[in-house]
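Read through the structure below, which is laid out as structure tokens, and then see the notes.
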Protein chains: 2
Amino acid sequence: MNPFLQKVYQPGLNVEPATAELLATVVRIAKARDVVEIGTANGWSAIWLAEAARDTGGHVTTVDVQEWPGVAENLSGFEVDRVVADGGAYLAGRNDGEIDLLFLDAERAEYASWWPHPARVLRPGGVLAMDNPGEAADFLALAGDCFIGGTAAVGKGLYLGWLKP
Amino acid sequence: MNPFLQKVYQPGLNVEPATAELLATVVRIAKARDVVEIGTANGWSAIWLAEAARDTGGHVTTVDVQEWPGVAENLSGFEVDRVVADGGAYLAGRNDGEIDLLFLDAERAEYASWWPHPARVLRPGGVLAMDNPGEAADFLALAGDCFIGGTAAVGKGLYLGWLKP
């Protein structure tokens, strides 16, 4: 982890470093260009996503219901669009199949109510990533028909699903 | 895990199920077509790779220095080419940049002696995957300049590296 990431990191608020590292590797492997994060918080994971998207020629959009203290400063050097909106409403407003990788890291109890948008907005073969999926069992039950994947035991668990074409 | 995979699985010999699951998801996410495994053993992980490669329109080549008991039967229903050869010699004989995903699961002490072939044979943006990378520190030191990635804490650890273009 570079010194800037170290400085921004807030344990408890942010996903664990092992989670961010795997997620960033997956962005690169997927050649993801349109990368969307729901749950910006202080921007720490968006920095990881942005560094990976730089390698794929992509960009990151990160969405949160509120603007967290310090987030503008933390993300000022990165190609990241910040959107202040409800995550479900944001996804509902996106077109079919235009997102390459969607990372959910917001209010897990809400995810199921966002269905089918988290799957609808992804391109066939796109990636759904989700931190702490143990708290979103109802959402995973819905997603199970559309995605092939599983949860890697990094941090609080990182679900990675590949959208069946 | 389906009943067939359950039946073939040999704990201790094969990578752990969580490792195989993540690896198979990565094959799909990477859209890997030319998938190579070094270290066939009884074919268990090759079945996971083959099921994923079916989704990408790809195929799997798996290499081992010996033919393990039962491997032909285990792999008979899958699109897998079996090669009995030394892993390093096999990689040395492949062309530059033609493999999409290389999974190393053989004698870890030998990997460093195979350099630079594990990187040379991968396409730019291709994936190097390696089980139990803690036992291949010398190899990882060589790979560090060419790959961006890290080790996910599944099973004995699964290193996933993205070959810098």
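Given contacts defined as C-alpha pairs under 8 Å and at least six residues apart, what's the relative contact order of segment B:1-63, whole-number percent? Relative contact order here is 38 percent.
Sorted from closest to farthest, the other copies place their residue B:79 label points 3.4 nm away, with each point set 7 Å from Cα along Cα→Cβ.
The angle between the Cα long axis of helix A:44-56 and the main principal axis of chain A comes to about 80°, on a 0 to 90 degree scale. Measuring heavy-atom accessible area with a 1.4 angstrom probe and counting protein chains only, the residues of segment A:28-50 that give up at least 20 Å² relative to the chain alone are A:28, A:29, A:31.
Here segment A:16-163 is assigned +1 on the Cβ of each Lys and Arg and -1 on the Cβ of each Asp and Glu. Its dipole about the Cα centre then comes out at about 400 debye. Leaving ligands and nucleic acids aside, the B/A contact buries around 1700 square angstrom of accessible area in total at a 1.4 Å probe radius. Here the spin labels are modelled as points 7 Å beyond Cα on the Cα-Cβ line, and at residue A:89 and residue B:141 they lie 5.6 nm apart. Against chain A, whose longest principal axis comes from its Cα atoms, helix A:17-29 is set at around 70 degrees. Which whole-angstrom value gives the distance between the alpha carbon centres of segment B:40-71 and segment A:24-93? So the separation of the two Cα centres works out to 37 Å.
Distances between equivalent label points of residue A:110 across the copies, with each point positioned 7 Å along Cα→Cβ, amount to 5.4 nm, shortest listed first. Partner shielding of B:153-160 amounts to 3, given as the average count of beta-carbon atoms from other chains within 10 Å of each residue beta-carbon. Distance between the pseudo-spin-label points of residue A:81 and residue A:110 (7 Å out from Cα toward the beta carbon): 1.9 nm. Restricting to the protein assembly as shown, compute how many DSSP beta bridges are antiparallel as a %, nearest 5. Antiparallel bridges: around 35 percent, rounded to the nearest 5. A label point on residue A:156, set 7 Å along the Cα-to-Cβ line, lies at 3.2 nm from each of its counterparts in the other copies, closest listed first. Here the contact order of segment A:1-157, divided by its residue count and restricted to Cα pairs under 8 Å and six or more residues apart, works out to 23 percent.
Each of A:121, B:161, A:12 was scored by the projection of its Cα onto the charge dipole of the protein assembly as shown, and the greatest displacement toward the positive side belongs to A:121; charges sit on the C-beta of Lys, Arg, Asp and Glu. Nonpolar atom fraction for the protein assembly as shown, defined as the carbon and sulfur part of the 1.4 Å probe accessible area, stands at 50 percent. Listed by chain and number, the lysines whose C-alpha is less than 28 Å from the C-alpha of residue B:164, apart from same-chain residues fewer than 8 away, are A:7, A:31, A:164, B:31, B:156.
Per-residue ellipticity at 222 nm from helix content only, as computed over chain B with -39500 (n - 2.57) for each DSSP H run of at least four residues, stands at -8500 deg cm²/dmol.
The values are calculated or read from the model by the stated rules, or taken from the named source; none is laboratory data. The shown structure was predicted, so the numbers you read here are calculated from the model rather than taken from an experiment. Cβ: placed from backbone, ideal geometry, glycine included. Neighbour counts: every protein chain shown. In case anyone asks, the SASA skips ligands and DNA or RNA and just uses the protein heavy atoms, side chains included. Shrake-Rupley method; radii C 1.70, N 1.55, O 1.52, S 1.80 Å.
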